[in-house]
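Visitor: Sharing a structure with you now.
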Amino acid sequence: MNNDKKNIENILFQINKCNNIKELEFLRIKYLGKKGSITNKINKISEVPIKKRKKFSTSINIIKKIVIKHFFLKKNILENSFQSSLKTKDSDFTLSSKELSFGSIHIITKSINKIQSFFIKLGCEIIFGPEIESEYYNFDALNIDKNHPSRDSHDTFWFNKKFLLRTQTSSVQIRVMESKKPPIRIIVPGKVYRNDSSLTHSPMFHQIEGLIVEKNISFSHLKWIMKSFLNNFFKKKCKIRFRNSYFPFTTPSAEIDIFNKKTNKWLEILGCGMVHPNVLKNVNINSKIYTGCAFGIGIERLIMLKYDISNIRSFFINDFRLLKQFK
Ligand code: DAH
C-alpha cells in the first residue's frame with residue numbers, strides 16, 4: 001500500500017509539472033495508453049494469485065481513477081490558461097502574418113495553354129510525340145533529302161546513326177498522318193533540341209506544330225489561320241507579311257514576318273506552307289483528293305517578342321525577377 005501511495009504521488013507530481021497539453025498527453029499515454037504502465041497492470045490482474053487478486057485489483061483501479069481525475073483537472077487548467085493568455089495585453093492580433101510565397105505557372109506553359117485553347121476552337125486536336133525520334137520521322141519522311149543542308153543547319157543531337165533528339169515537331173505530322181485518315185486537324189506542342197546556343201537560341205526550346213489536311217484546303221485558309229492566331233496571341237492587330245521561303249516538306253512555303261514598331265524592323269517569326277505532295281505520298285494520302293497546310297511556331301521567340309525579353313536563357317535559369325512578372 002505504501003508503494004501504491006508513492007506511485008500515485010509521483011504520477012500526480014508529474015501531471016502537475018506539465019506546462020502544456022502536449023506534455024500532458026505524453027504522460028497520459030505513458031500511464032493510461034494501450035501499453036501504459038497502469039493499463040499493463042490492469043491487464044495482468046488475472047495472473048495475480050487468487051488470494052492477493054482482490055486487493056491488487058481494487059488498489060490499481062483506485063489509482064487509475066485518481067490519475068484520470070487529475071489528468072482532466074490539469075487539462076482544464078492548461079486549456080483555460082491558454083485561452084486567457086490570448087486575451088492578455090501581450091498579444092497583438094493586428095500584427096500582420098508571415099507572407100507566404102506561392103509558385104505560379106511558367107510563362108512558357110501559360111503561353112502554350114493559351115495557344116492550345118485558340119486552336120481547340122478551330123477544331124484542332126492536341127497531339128504529343130516522342131522527343132527521341134528516328135531519322136525517318138525527323139527528316140526522311142518530311143522530304144528532306146539525305147544530303148540536304150537543312151539536316152546540318154538543324155545541328156542535330158544524334159544518339160547513333162538512326163536516332164536523335166527531334167529537331168522539330170514536324171516529325172509528329174508524319175506519325176499522325178500514318179495513323180489517321182483525313183480530315184486531320186492537329187496541333188503538336190513540345191520540346192525540340194538543336195546544338196545551338198546564343199542570346200536568342202537555346203539547345204532546348206518549344207515549338208507548336210500545326211497540320212490541317214482536308215479536301216480543298218488552300219493557302220488562303222493558312223493565311224487566315226495565321227493572321228487570326230497572331231492577332232489573338234499579341235492581343236492586337238499585328239502588321240505581318242508572308243515572305244516566300246523554302247521548307248522541303250511544304251510547297252509553296254512561306255515565312256511570316258511581323259513588324260516591330262520599336263525597332264522599325266521586320267522580324268521573322270514562323271514558318272508555314274502547303275504540305276508537299278511527296279510528304280502526303282509517304283503516308284499514303286492521295287494528294288489529288290486531299291490538300292494540307294502546316295505551320296511551325298517557336299514559342300520562346302513569340303514570348304520574347306511580346307514581352308520584350310532579350311535573352312532566351314532567362315526562361316530557364318529560374319530568375320524570380322522574370323518569373324514573378326507572369327503570376
Ligand atoms: N519545322 C520547321 C522548323 O523547325 C518549322 C516549320 C516550317 C514547320 C514550315 C512547318 C512548316 O510545319 O510548314 O524550322
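Visitor: Name the residues in the stretch 243-258 that are buried (at least 17 other Cβ atoms within 10 Å of the Cβ) and within 15 Å of the ligand (Cβ to nearest atom), would you?
Guide: Within the stretch 243-258, F247, P248, F249, T250, S253, A254, E255, I256, D257 qualify.
Visitor: Quick one: I269 ticks every box in (1) at pLDDT 95 or above; (2) of a type in the set (A, V, I, L, M); (3) within 16 Å of the ligand (Cβ to nearest atom); (4) under 26 Å from I144 (Cα atoms) bar one, so which box is it?
Guide: Among (1) at pLDDT 95 or above; (2) of a type in the set (A, V, I, L, M); (3) within 16 Å of the ligand (Cβ to nearest atom); (4) under 26 Å from I144 (Cα atoms), I269 violates only (1).
Visitor: Select from the stretch 296-315 the residues that are closer than 10 Å to I107 by Cβ, of a type in the set (V, I, T) and open to solvent by less than 20 Å² (accessible area, probe 1.4 Å) and list them in ascending order.
Guide: Listed by number, the residues that qualify are I299, I303.
Visitor: Among what's in the stretch 166-220 and is open to solvent by 60 Å² or more (accessible area, probe 1.4 Å), within 27 Å of F315 (Cα to Cα) and of a type in the set (S, T, N, Q), pick the residue that is farthest from the ligand (Cβ to nearest atom).
Guide: Residue satisfying both the conditions and the ranking: S197.
Let's see how each residue does on (1) among the acidic types (D, E); (2) farther than 19 Å from L280 by Cβ; (3) over 28 Å from the mean Cα position of the chain (by Cα):
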site	(1), (2), (3)
R151	no, yes, yes
F163	no, yes, no
S170	no, no, no
P182	no, no, yes
V188	no, no, no
S220	no, yes, yes
C238	no, yes, yes
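Visitor: Right, here's the next one. Could you please let me know if K261 is in the same structural domain as D196 (by TED's automatic domain parsing), away from the ligand (no atom under 16 Å from the Cβ), free of Cβ contacts under 8 Å to residues at least 24 places away in the same chain and not hydrophobic (A, V, I, L, M, F, W, C)?
Guide: Yes: the conditions hold for K261.
Visitor: In the stretch 275-295, which residue that is within 15 Å of the ligand (Cβ to nearest atom) and open to solvent by less than 20 Å² (accessible area, probe 1.4 Å) is farthest from I225 (Cα to Cα)?
Guide: Ranking the qualifying residues of the stretch 275-295, first place goes to V283.
The values are calculated or read from the model by the stated rules, or taken from the named source; none is laboratory data. Predicted, not measured: the structure shown is a model, and the values here were computed from it. Here the Cβ is made from the backbone with ideal geometry for all residues, glycine too, and neighbour counts use every protein chain on show. Just so you know, the surface numbers come from the protein's heavy atoms only, side chains and all, with ligands and any DNA or RNA stripped out. Shrake-Rupley method; radii C 1.70, N 1.55, O 1.52, S 1.80 Å.
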